[in-house]
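Working notes, structure below.
Nothing in this text is a laboratory measurement; each read-out follows from the coordinates by a stated rule. The structure displayed is predicted, hence computed values, not measured ones. Methodologically, a virtual Cβ is constructed for each residue, glycine included, from the backbone with ideal geometry; neighbour enumeration extends over all protein chains shown.
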Ligand SMILES: [Zn+2]
């Protein structure tokens with residue numbers, strides 16, 4: 001029942017000055033918020049010790065905000081950071097954490113079915129593109145562990161809303177059963193459609209993997225998985 005006690009699941013990527021990391025289930029009490037979680041990360045990725053997190057009060061919407069500095073920034077689901085040493089942070093427990101680097105800016109996006117239906121990734125990319133005059137490094141994105149299609153049956157109304165923005169392949173329909181929705185694939189398709197050339201997906205269902213929190217598995221006792229992206 002309990003999260004792992006020994007290690008903490010971790011996926012880390014580095015592209016030049018950009019670091020992107022997904023941190024799995026820290027045992028209850030071990031990470032009470034973004035600052036604690038970043039400290040846990042810094043215990044494994046020393047470069048993270050030089051970064052401070054910025055985060056949003058996540059709303060399952062599509063608003064993109066810019067972080068003026070570290071700390072809580074406001075209400076929204078896509079956080080853009082241009083300063084180096086400030087980690088755009090997202091926290092999830094089934095929803096898809098998406099990290100994007102473009103030019104000199106980075107973004108952390110909270111993309112559940114509602115955000116994916118409302119266009120939160122489009123908001124994030126639009127805001128990021130406002131930063132670069134077109135000659136920066138091409139955008140790259142990382143899609144973190146989230147609930148997989150194996151474990152995500154939804155109502156037809158939900159399936160249709162995400163499908164209409166992402167393409168038919170994100171929904172599997174079977175006679176007599178609820179549709180299965182593939183949220184990470186929906187995020188990937190949307191990013192490709194928005195011109196993000198390179199998209200990597202961590203292929204791991206959080207409900208199937210006890211190293212990561214899942215709201216559908218753990219309910220109210222679920223902690224949060226974290227995504228961080230920052231520039232040195
Ligand atoms: Zn699963």
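With 5 Å bins beginning at zero, the pair-distance distribution over Cα atoms of segment 1-128 amounts to 2, 12, 22, 24, 20, 13, 6, 1, 0 %. How high is the FRET efficiency from residue 35 to residue 126, r the C-beta distance, R0 25 Å, rounded to 0.05? Using R0 = 25 Å, I get an efficiency of 0.30.
Panel values: segment 146-216, Kirkwood radius from alpha carbon pairs, Stokes-Einstein at 20 °C and 1.002 mPa s, translational diffusion coefficient 167 µm²/s.
Rg/Rh for the chain (Cα atoms only, Rh after Kirkwood) is 0.95. Within the listed set 115, 195, 176, the residue fluctuating most in the Gaussian network model of the chain (springs between alpha-carbon atoms under 10 angstrom) is 176.
On the basis of the beta-carbon distance and an R0 of 25 Å, residue 11 and residue 153 show a calculated FRET efficiency of 0.45. Relative to its Kirkwood radius, the Cα radius of gyration of segment 68-191 gives an Rg/Rh of 1.02. Just for the chain, what percent of DSSP beta bridges are antiparallel, to the closest 5? Around 70 percent of the beta bridges assigned by DSSP in the chain are antiparallel ones. Taken as Cα centroids, segment 70-124 and segment 172-199 sit 18 Å apart, rounded to the nearest whole angstrom. Ordering 150, 95, 208 by the number of other Cβ atoms within 10 Å of each residue's own Cβ, fewest first, gives 150, 208, 95. Equivalent ellipsoid of segment 53-98: semi-axes from √(5λ) of the C-alpha gyration tensor, largest first, are 17, 11, 8 Å. Summed over qualifying helices (DSSP H, 4 residues or more, each -39500 (n - 2.57)) and divided by its residue number, the chain shows a 222 nm mean residue ellipticity of -6000 deg cm²/dmol. What FRET efficiency comes out for residue 84 versus residue 209 if R0 is 30 angstrom and r is the Cβ-Cβ distance? Round to the nearest 0.05. For R0 = 30 Å, the calculated efficiency reads 0.40.
The order of 91, 22, going from fewest to most other C-beta atoms within 10 Å of their C-beta, is 91, 22.
Under 16 Å from a point 7 Å along the Cα-to-Cβ line of residue 164: which residues of segment 82-120 have their amide N that close? 113-120, by backbone N distance to the label point.
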